[in-house]
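A short worksheet on the structure shown next.
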Amino acid sequence: MKRKSDITVKLTRTKLILILTAIIWIETLLVYYGDFKLGIEGPLQVIISIFNPLGFILLILSLANFFVRKKSFVISLMVLFALETILLVANVIYYREFSDFISINTMLSAQKFNGAMGKSIATLISPHDVIYLLNLGLIIGLPFFTKNNLITIPVRMVNKVALSCLSAFLIVLNLTISEMNRPQLLGRTFDQTYIVKYLGLNFYMAYNTANKVNEDAEKNKVTTVDIDSPLQEAAQIYAKPDKKYYGITCKKNVIIIHLESFQQFLINMKVNDQEVTPFLNSLYSDKNTVSFSNFFHEVGQGKTSDAENMLESGLFGLPTGSLFNKLGPTNTFQSAPAILKQKEGYTSAVFHGNVGSFYTRSKTYKSMGYNYFFDQGYFNQTEDSNVGFGLKDKLMFKESVKYLEKLQQPFYVKYITLTNHYPFDLPDEDNDGFVKPETSDSVVNNYFLTAHYLDASLREFFNYLKESGLYDRSVVILYGDHYGISDDRNKALAPLLDKDPEQWDEFDNIQLQRVPFMIHMKGIAGHIDNEYGGEIDVLPTILHLLGINTKDYIQLGTDLFSKQHDSNVIFRNNGMVNKEYTVLKKSNDSYNIYDNKTGELLNIDPASDLYKKIVEKYEQERHLLDISDTINQKNLLRFYTPIGFKPVDPTDYDYENEVSQLDKINDTLGNSSTSVYSQNNDKSTVSMYKTDAPESTE
Ligand code: GP9
Ligand code: MN
């Protein structure tokens with residue numbers, strides 16, 4: 001029989017690090033595939049997800065190498081291994097409760113963290129968690145095991161550095177491949193789930209912490225607001241409402257329809273002798289619609305979320321990335337849902353066919369005071385019901401009705417459509433026979449197909465509104481969030497717009513950033529309004545229509561109906577447009593100025609008064625973006641509360657059990673409940689919804 005000392009294995013420190021790395025790596029993969037829902041699709045994403053934990057785990061555990069004495073090495077390795085285990089286990093438990101990963105903010109807001117961890121820890125534990133006991137055993141056993149089995153000689157400096165460099169290289173490699181598969185992954189930070197899927201849990205936590213430190217540094221620079229604060233400047237921006245429009249939609253339900261990637265050029269356009277968007281065309285010229293013909297999107301990298309941010313808060317998105325992701329969960333907002341709730345008793349909700357984590361919506365909407373958020377998880381889904389990012393529009397609208405009818409009126413709701421999104425895929429069964437154009441670019445061709453589909457989904461929704469009686473009690477506001485066809489594809493599109501691709505220039509690119517903005521309500525004096533404006537102007541416009549004066553709010557746009565409206569539209573890409581000119585800043589002191597009527601690049605003498613006037617206007621408008629960025633990045637609204645406004649407490653909102661919340665309110669209010677459901681004698685109106693969607697079950 002062998003004596004104990006004979007069966008000792010002599011492990012090098014590097015080997016021990018590699019073994020422990022492999023253990024955490026495998027466990028992370030079990031978590032990725034067993035607990036998280038990362039939406040891993042296709043072989044490349046599978047490969048990326050398998051390799052993404054490795055670099056970071058190795059980097060962390062290899063730090064122990066830098067402790068020379070054997071005892072210090074073992075202790076530090078124990079601590080690092082324990083840390084990795086705790087982070088993994090805590091994330092698993094947290095995810096089971098919140099379908100989200102632990103961020104530095106959740107850790108710091110101890111109340112929420114403990115709430116999640118303490119509340120129902122027993123129910124959050126799964127039998128397969130027994131595997132983590134292995135780690136516990138390893139942590140405890142490590143000092144005993146290493147006593148005889150680990151060679152005492154420390155790793156040579158060159159090898160230590162090599163191991164750390166190798167892990168750093170793996171991280172960079174992972175980042176590069178991920179960016180190739182998902183361009184602007186970090187630049188636009190779409191969704192924390194994407195960061196975990198592509199770059200790993202450790203990367204997410206490090207990245208999230210670094211962002212938080214940066215944001216806090218910005219915010220902490222300011223502790224009070226002084227006289228030079230951008231807030232003071234912003235407070236001056238206000239255009240007096242026109243009496244003719246002020247309050248005309250008062251107490252009406254407000255239904256905002258966010259038309260994904262929808263550009264104005266689609267309106268009244270024909271392809272192969274067929275109207276692309278027949279329903280929106282009819283709405284555009286309807287006697288009950290005010291339609292704007294010179295309305296522009298003003299989004300930056302945060303695209304959809306920037307558009308939402310402008311409409312909800314009256315401030316711009318950030319110069320880079322998405323404000324929703326970066327600041328949405330923590331910043332102070334004075335946004336539409338909260339203003340309407342507090343001033344006029346509105347209930348608010350968002351409907352969207354993508355997952356709630358995208359653009360951190362499920363947190364940002366709480367900061368904005370949205371009562372409800374019905375994301376993908378609230379809609380029935382079958383194998384064919386999704387395309388691209390989520391539920392097809394026809395199904396989203398139809399499926400929303402069972403929730404919409406339970407909302408107390410008046411309500412302020414937002415529908416964020418999704419099917420008309422790059423790459424504009426539409427399954428054959430959803431095409432009603434529309435024949436797409438045949439340009440040289442298949443993305444351009446498909447765009448018309450999904451736009452046509454979106455249009456049909458709106459017709460169905462409007463039919464329901466009329467059928468249920470909601471139509472008479474609502475104002476419907478439709479807007480396109482941003483371009484669908486990017487500048488580099490415009491030349492392929494040009495022939496369809498009767499333009500010569502060879503003559504296409506930056507002036508044409510800017511002109512094409514027009515998106516629809518329509519206000520539809522029975523009895524409104526409909527017309528096509530040629531006023532120039534952009535997304536930043538929507539909030540003051542809507543609030544004035546609803547009879548809420550915006551004087552005390554910090555909003556950087558102005559009411560489109562006001563005689564004092566500022567008709568210069570500033571973009572996040574150094575462009576500006578107004579009634580007469582289109583301006584593009586080329587460098588510090590050089591501007592391209594185009595005449596809107598002719599599209600010609602003007603050759604104005606830089607010493608002339610005209611040139612100086614145009615440039616001065618441009619710089620004034622550009623300054624609005626700086627004001628907005630400072631207010632947002634330093635979270636200045638926390639220092640200013642408009643008179644009569646109560647700051648929003650995000651913890652007041654729970655998007656988990658919304659059906660029971662709605663039912664409870666309907667029951668408690670009894671006869672005084674104003675929901676469509678209650679007014680229909682507690683009968684659902686779902687059967688009034690007619691759709692030709694092949695996937696629809698009814
Ligand atoms: C995602 C959707 C699309 O949920 O709103 O966002 P986008 O890519 O257009 O910014
Ligand atoms: Mn969008």
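The values are calculated or read from the model by the stated rules, or taken from the named source; none is laboratory data. Predicted model, so just to flag it, every value in this text is computed and none were measured. Don't worry about glycine lacking a Cβ; one is built from the backbone with ideal geometry, like all the others, and counts go over all protein chains shown. To get the accessible areas, we keep the full protein, side chains included, count just its heavy atoms, and leave off ligands, DNA and RNA. Shrake-Rupley method; radii C 1.70, N 1.55, O 1.52, S 1.80 Å.
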Exercise for the section: Exactly one condition in (1) within 25 Å of the chain's Cα centre (by Cα); (2) away from ligand 2 (no atom under 16 Å from the Cβ); (3) crowded, with 19+ Cβ neighbours inside 10 Å is not met by ASP488; state its number. Expected result: (3)
Practice task
Identify all residues within region 357-376 that are in a loop (DSSP other than H, G, I, E, B) and within 16 Å of ligand 2 (Cβ to nearest atom); write none if there are none.
Solution key: ASP375
Practice task
All but one of (1) on the phi < 0 side of the Ramachandran plot; (2) touching a residue at least 60 places away in the same chain (Cβ under 8 Å) hold for LYS251, so report the exception by its number.
Solution key: (1)
Exercise for the section: For MET78, state whether it is of a type outside the set (S, T, N, Q), under 25 Å from ARG361 (Cα atoms), assigned to a helix (DSSP H, G or I) and open to solvent by 20 Å² or more (accessible area, probe 1.4 Å). Expected result: no
Problem - Set GLU502, GLU535: member being free of Cβ contacts under 8 Å to residues at least 24 places away in the same chain and among the acidic types (Asp, Glu) - result: GLU502
Problem - Complete set of residues in region 171-185 that are of a type outside the set (Lys, Arg) and surrounded by fewer than 19 Cβ atoms within 10 Å (Cβ to Cβ) - result: VAL172, LEU173, LEU175, THR176, ILE177, GLU179, MET180, ASN181, PRO183, GLN184
Fill in the blank from the handout: GLY300 fails exactly one of (1) modelled with pLDDT of 95 or more; (2) open to solvent by 10 Å² or more (accessible area, probe 1.4 Å); (3) small (Gly, Ala, Ser), namely (1)
Fill in the blank from the handout: In the set LEU327, LEU340, the lone residue that is closer than 20 Å to GLY557 by Cβ and touching a strand residue (DSSP E or B) at 6+ places or on another chain (Cβ under 9 Å) is LEU340
Exercise for the section: Scan region 387-400 and give yes if some residue there is in a strand (DSSP E or B), open to solvent by 10 Å² or more (accessible area, probe 1.4 Å) and without any contact (Cβ under 8 Å) to a residue 60 or more places away in the chain, otherwise no. Expected result: yes
Problem - Checking SER305 against (1) more than 16 Å from ligand 2 (Cβ to nearest atom); (2) buried (at least 24 other Cβ atoms within 10 Å of the Cβ), the condition it does not meet - result: (1)
Handout entry: Of all residues in region 148-170 being open to solvent by 60 Å² or more (accessible area, probe 1.4 Å) and among the aliphatic types (A, V, I, L, M), the one that is farthest from PHE51 (Cα to Cα)
Key = ILE153
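Only one of SER126, SER72 is under 30 Å from ILE151 (Cα atoms), among the hydroxyl-bearing types (Ser, Thr, Tyr), at pLDDT 80 or above and more than 30 Å from the chain's Cα centre (by Cα); which?
Details: SER126 fails: under 30 Å from ILE151 (Cα atoms).
It is SER72.
Of the residues TYR471, TYR453, TYR479, only one is assigned to a helix (DSSP H, G or I) and either open to solvent by less than 20 Å² (accessible area, probe 1.4 Å) or free of Cβ contacts under 8 Å to residues at least 40 places away in the same chain (or both); which?
On the way: TYR471 fails: either open to solvent by less than 20 Å² (accessible area, probe 1.4 Å) or free of Cβ contacts under 8 Å to residues at least 40 places away in the same chain (or both); TYR479 fails: assigned to a helix (DSSP H, G or I).
Exactly one of TYR471, TYR453, TYR479 is assigned to a helix (DSSP H, G or I) and either open to solvent by less than 20 Å² (accessible area, probe 1.4 Å) or free of Cβ contacts under 8 Å to residues at least 40 places away in the same chain (or both), namely TYR453.
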Exercise for the section: Output the residues belonging to region 663-698 that are touching a Phe, Trp or Tyr at 6+ places or on another chain (Cβ under 7 Å) and outside any loop (DSSP other than H, G, I, E, B). Expected result: ASN666, MET688
Handout entry: Residue count, region 588-603 (criterion: part of a loop (DSSP other than H, G, I, E, B) and under 17 Å from ARG622 (Cβ atoms))
Key = 2
Practice task
Could you please find all residues in region 526-541 being over 14 Å from ILE510 (Cβ atoms) and surrounded by fewer than 24 Cβ atoms within 10 Å (Cβ to Cβ)?
Solution key: GLY526, HIS527, ILE528, ASP529, ASN530, GLU531
